[in-house]
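**Q** Quick one: this structure, given as structure tokens, is what I'll be asking you about.
The values are calculated or read from the model by the stated rules, or taken from the named source; none is laboratory data. Keep in mind that this is a model prediction, so the values were computed, not measured. Cβ coordinates were reconstructed from backbone atoms using ideal geometry, including for glycine residues, and neighbour counts include every protein chain displayed. With ligands, DNA and RNA removed, areas are computed over all heavy atoms of the protein, side chains included. Shrake-Rupley method; radii C 1.70, N 1.55, O 1.52, S 1.80 Å.
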Amino acid sequence: GEHDCLLLFRDAVRQGFPRPKHFSCPPLLGSGPEFMEFCGTELAHTQVMRSGFERYPFVWTALFDLYSGFCFDFEIARRLFDELSKGNAVSRTTMISGCARPGKMSNALLLFDEMPERDVSSWGVVIAGCIQTGLF
């Protein structure tokens, strides 16, 4: 199962063969609590940066999601967003989604207000967050 995939990834990194590719990162980062328990968020983040995979938008979007959605560490997620993101709709919507929870909805609304163009996904995330947090 999922744990076997994490073991395989860990072994590949340790042995250096085969060298993991950038497209293997988002599914691992997206496994959330299982991944953090197994490997640790900081270790995963370090591995992504050491590998140079942060230059791929879908990898840093998965990192945003890991920090904002699973770890609830908005400060690190926002720092990553500011450093790595080109401010595209996908990365902004991911950040908004991670913040759209009780106690963090003001951060989600701030990011939404900063969006130069809003799409259906970003509107949907904000509306769902407002409903879930009782703002509607």
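**Q** Hey, any hits in segment 120-129 for a residue that's open to solvent by 40 Å² or more (accessible area, probe 1.4 Å), more than 19 Å from Pro57 (Cα to Cα) and assigned to a loop (DSSP other than H, G, I, E, B)?
**A** The answer is no; no qualifying residue exists.
**Q** So, one more: Taking the criterion of being out of contact with any strand residue (DSSP E or B) (no Cβ under 7 Å at 6 or more places or on another chain), among the charged types (D, E, K, R), within 20 Å of Trp60 (Cβ to Cβ) and crowded, with 19+ Cβ neighbours inside 10 Å, would at least one residue in segment 100-118 satisfy it?
**A** Checked against the condition, which is being out of contact with any strand residue (DSSP E or B) (no Cβ under 7 Å at 6 or more places or on another chain), among the charged types (D, E, K, R), within 20 Å of Trp60 (Cβ to Cβ) and crowded, with 19+ Cβ neighbours inside 10 Å, segment 100-118 yields no hits at all.
**Q** Right, next: Can you tell me which residue in segment 17-39 is modelled with the lowest pLDDT, limited to those that are assigned to a loop (DSSP other than H, G, I, E, B), over 13 Å from Arg50 (Cα atoms) and open to solvent by less than 50 Å² (accessible area, probe 1.4 Å)? Give the steps one after another, and end with the answer.
**A** First pass over segment 17-39, keeping only residues assigned to a loop (DSSP other than H, G, I, E, B): 17-21, 30-32.
Next, only the ones that are over 13 Å from Arg50 (Cα atoms) stay: 17-18, 30-32.
Now narrow it down to the ones that are open to solvent by less than 50 Å² (accessible area, probe 1.4 Å): 30-32.
Working: Gly30: 69, Ser31: 67, Gly32: 60.
Taking the candidates together, the pick is Gly32.
**Q** Go through segment 58-78 and give me each residue that's acidic (Asp, Glu) and either crowded, with 20+ Cβ neighbours inside 10 Å or at pLDDT 80 or above (or both).
**A** Let us first name the residues in segment 58-78 that are acidic (Asp, Glu), namely 65, 73, 75.
Answer for segment 58-78, where residues must be acidic (Asp, Glu) and either crowded, with 20+ Cβ neighbours inside 10 Å or at pLDDT 80 or above (or both): just Asp65.
**Q** Could you please tell me which pairs satisfy a Cβ distance under 6 Å, a separation of 6+ or placement on different chains, a first residue in segment 1-15 that is over 16 Å from Leu29 (Cβ atoms), and a second residue that is open to solvent by 100 Å² or more (accessible area, probe 1.4 Å) and at pLDDT 70 or above?
**A** So the pair list comes out empty.
**Q** Kindly check whether there is at least one residue in segment 79-97 that is open to solvent by less than 30 Å² (accessible area, probe 1.4 Å) and more than 15 Å from Phe58 (Cα to Cα).
**A** Yes - at least one qualifying residue is present in segment 79-97.
**Q** Within segment 103-119, can you find the residues that are assigned to a helix (DSSP H, G or I) and more than 15 Å from Asn88 (Cβ to Cβ)? Break it down into steps so the answer makes sense when it comes.
**A** Filtering segment 103-119 down to residues assigned to a helix (DSSP H, G or I) leaves 105-114.
Selection gives Met105, Ser106, Asn107, Ala108, Leu109, Leu110, Asp113.
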